[in-house]
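Here's the structure, in structure tokens; my notes come after.
The values are calculated or read from the model by the stated rules, or taken from the named source; none is laboratory data. Keep in mind that this is a model prediction, so the values were computed, not measured. Every residue, glycine among them, receives a Cβ derived from its backbone with ideal geometry; neighbour counts consider all protein chains shown.
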Amino acid sequence: MKNINFLILFIILFAACENDLEQIQELDAHEFVNKEWTKNVELIYSDSAIVRTIIRAEEMINYSETELKQEFPKGIKVEFFNERQRINSTLTANYAIRYENRKEIVVQDDVVWKSSKPETLETEELIWDEKNAKVRSNRFVKITTPDDVFYGYGLEANEDFSWWRIEVPQGEMGVEEF
């Protein structure tokens, strides 16, 4: 009796696991072509055997189409190191994409950059130009220093955030007396 029950169960399961050829053909194969998914990524960039940057992400999609790019749909954390191998600044965002040919990274959604000064930049989008070691944004930015908070639209800064300029500043700031 056990063999008959097993045979009936096997037939039911086998019949239920049938693939419809039309459904298979409807799948967009292009969605899966030229893409590699990676989980728990750690990318280390060095120059002359000195670690300069470490990028960590929960997920990375590597596209190998005409424009090579890496997408970080679940966010990114970047640590920048100085010559002494100490963290100089950190960058976090909920989304990022790196365009390899352009040497450009676009980070978006809750972008926070903290420098060792300590200064903190907050914005919704930041574009990191790897080739020229510059960072820019045309969005609203907030920079918090130990003494002041600066607001405005548009930002230009160098890669290590040791120099920055808000293009259209707004708000008030304290000024020391002469």
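Please give the strands (runs of 3 or more DSSP E) falling wholly within segment 11-109 in which 1 or more residues are among the β-branched types (Val, Ile, Thr), modelled with pLDDT of 85 or more and more than 17 Å from the chain's Cα centre (by Cα).
On the way: elements: 35-47, 50-63, 69-72, 76-81, 87-93, 95-99.
The qualifying strands (runs of 3 or more DSSP E) are 50-63, 87-93.
Checked against the criterion of being small (Gly, Ala, Ser) and surrounded by fewer than 17 Cβ atoms within 10 Å (Cβ to Cβ), the candidates 89, 48 yield just one match: 48.
Looking only at segment 126-149, decide whether some residue is of a type in the set (Asp, Glu), out of contact with any Lys or Arg (no Cβ under 7 Å at 6 or more places or on another chain), modelled with pLDDT under 90 and over 17 Å from residue 52 (Cβ atoms). Yes, that holds for at least one residue. Do we have residue 57 as hydrophobic (A, V, I, L, M, F, W, C) and either surrounded by fewer than 16 Cβ atoms within 10 Å (Cβ to Cβ) or on the phi > 0 side of the Ramachandran plot (or both) here? Here the answer is no, as residue 57 does not meet what is asked.
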